Structure formats: C-alpha cells, structure tokens
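Worksheet: one structure, shown below.
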Amino acid sequence: MHSYRSFLFFLVILITPLLHLRAQDQGTQILEAARRKLLSLGDFTASFRYEITTPAAKPVVSTGEISYKQGKYVLRLPDQVVYCDLNTIWIYLTSESQVHILPYSPANGPGIEGIVALYGGPGTVRYDGDAEWRGASFYKISITIHDSYSEYSQAYLWINKKTQMAERITLVNRKQSTTTYEFSDVRTNNGIEDSAFRLEPSRLTGVNVMDRR
C-alpha cells in the first residue's frame, strides 16, 4: 500500500506541470485566434456595461457605447464622448460644455489601448475552462501580467466561441481593485468612415475649447 501511494504521489507530481503547460498552450491558441479575428475586422460597434470595485468603496457602475476601427475609436459615456483618430484625442465633457484636445497618446485616453493589448497576451496566458453566459458558450482565459509598469496584475477574458471576440473582461490592479467590462450587441464591419473618429469643435455651440496640443 505504501508503494502504491508513493506511485500515485509521483504520478501527480509528474502530470500536474504537464496539465499546466497544456492549459497555457490552449489559452495562447485561443487568444491568438481572437487576436487574428480582431485584426481582420474592418470595424465594430458595441454597447457595454462596466463596474469598478474597490475594497473600501461602493461599486461604480455605468454604461456606454464604443465604435472601433483599427486603433481609432469613439467612446460614448453618459457625461462625455471621447474621439481618437490616432493623431489627436478629443474629450467632449457634455455636462460641462467643454472640449479638451490632446495629442494622441495611450496615457491621454480612457485606456482602450490597454484592453486591445490583452489580445496579444502580455504575460502568462492560461485556459481556465468553458462557461455558459447569456445563452452563448465562452472560453475563459486568464492572463498574469508581468509588466512591472502596468497598472494591472491580472486579466480575465471570456471569449465567445462563435464570434471569437471577448465579451467580458475583468482587470485586477495591484491594489486589488477590479474593473469589469461586459459587451453586448456587437456589430462588425459597419463601414464606418475615418471622419467619424474626429470631432469638429467649431460645429458645437456654447462649448469652451481647451487645445493642449
């Protein structure tokens, strides 16, 4: 009996790393397929809900819409609209009748680039099994982010098996606050013109413009 238990223990020690590597390989393959799908799209639009949870405060919940085309985007939130054409960022604070114009930089925007970068797997990628949600089947992918300069240490993606797009993304920062995005009504290849990602403040009335380029 002692020899049998020793053999089982040895077998567990042997197999566990192999299963872990298999989960990593499978996760990387799923994420790479999703990345290729995203790059193949002409554009997409979606509605989303996001929730920010911190250990010492009530959750913050809001909704919005996004239009995205090869790095360019328009982000519509209840109190602001953010335009980006990869040269300039316009932040239109609708409730304050202000437009802030900034040179393009991921640091100046709302973090869309960081979400898209997750498709590239910036760390250790692992497949965590399947899930059913909103009547669809999903792959669950976790990413341990190794970049010490990143605000986030962990990311979790639910990738729709049919569309190969992430419809739920959770980011965990180094203070254990979480931000979860849930996307719905995803529409692809809408033929959005590049001009849709630029704001012309001169067409707005009663708006204070702050140009910081």
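Every read-out reported here was derived from the displayed coordinates using simple, explicitly stated rules and does not represent laboratory data. Note that this is a predicted model, so its numbers are computed, not measured. No Cβ is skipped: glycine too gets one built from the backbone with ideal geometry, and neighbour counts run over all protein chains shown.
If the viscosity is 1.306 mPa s and the temperature 10 °C, what translational diffusion coefficient in µm²/s does Stokes-Einstein give for segment 86-195 when Rh comes from Kirkwood over Cα pairs? Let's see the in-between values first.
On the way: Rh = 16.1 Å.
Taking Rh from Cα pairs, D becomes 99 µm²/s.
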Report summary line: Going residue by residue through segment 168-181, the Karplus relation 6.51 cos²θ - 1.76 cosθ + 1.60 with θ = phi - 60° gives ³J(HN,Hα) values, rounded to whole Hz and with x marking Gly or Pro, of 9, 9, 10, 10, 10, 8, 6, 9, 6, 7, 10, 10, 10, 10
Requested in this report: Calculate how steeply helix 2-40 sits against the longest principal axis of the alpha-carbon atoms of the chain, using the helix alpha-carbon long axis, and give the answer as 0 to 90 degrees to the nearest 10.
Outcome: 20
Requested in this report: Please name whichever of 115, 87, 145 sits farthest to the positive end of the charge dipole of the chain, dipole taken about the Cα centre and charges placed at Cβ: Lys and Arg +1, Asp and Glu -1.
Outcome: 145
Query raised in the report: With the dipole of the chain worked out from charges on the C-beta (+1 for Lys and Arg, -1 for Asp and Glu) around the Cα centre, which of 40, 170, 26 lies farthest toward the positive end?
Result: 26
Report summary line: Expected vector for segment 84-99, Karplus 3J(HN,Hα) from phi with 6.51, -1.76, 1.60 and θ = phi - 60°, integer Hz, x for Gly and Pro, equals 9, 10, 6, 10, 9, 10, 10, 10, 9, 7, 5, 6, 10, 6, 10, 10
Query raised in the report: How big is the gap, in Å, between the Cα center of segment 164-213 and the Cα center of segment 83-129?
Result: 7
Report summary line: Asserting the computed 222 nm helical MRE of the chain (DSSP H runs at least 4 long, -39500 (n - 2.57) per run, divided by residue count, to nearest 500) equals -7500 deg cm²/dmol
Requested in this report: For every other residue with a beta carbon closer than 12 angstrom to the beta carbon of residue 187, add +1 if it is Lys or Arg and -1 if Asp or Glu, then tell me the sum.
Outcome: -3
Report task. Give the long-range amide H neighbours of residue 104: residues separated by 5 or more places, or on another chain, with amide H under 5 Å away, using H modelled in the peptide plane at 1.01 Å from N. Result -> 88, 89
Query - Cα-only radius of gyration and Dmax that characterise the chain, units Å - result: 21.0, 85
Query raised in the report: Can you list the residues, at least 5 places off or on another chain, whose amide H is less than 5 Å from the amide H of residue 165, using H built in the peptide plane?
Result: 160
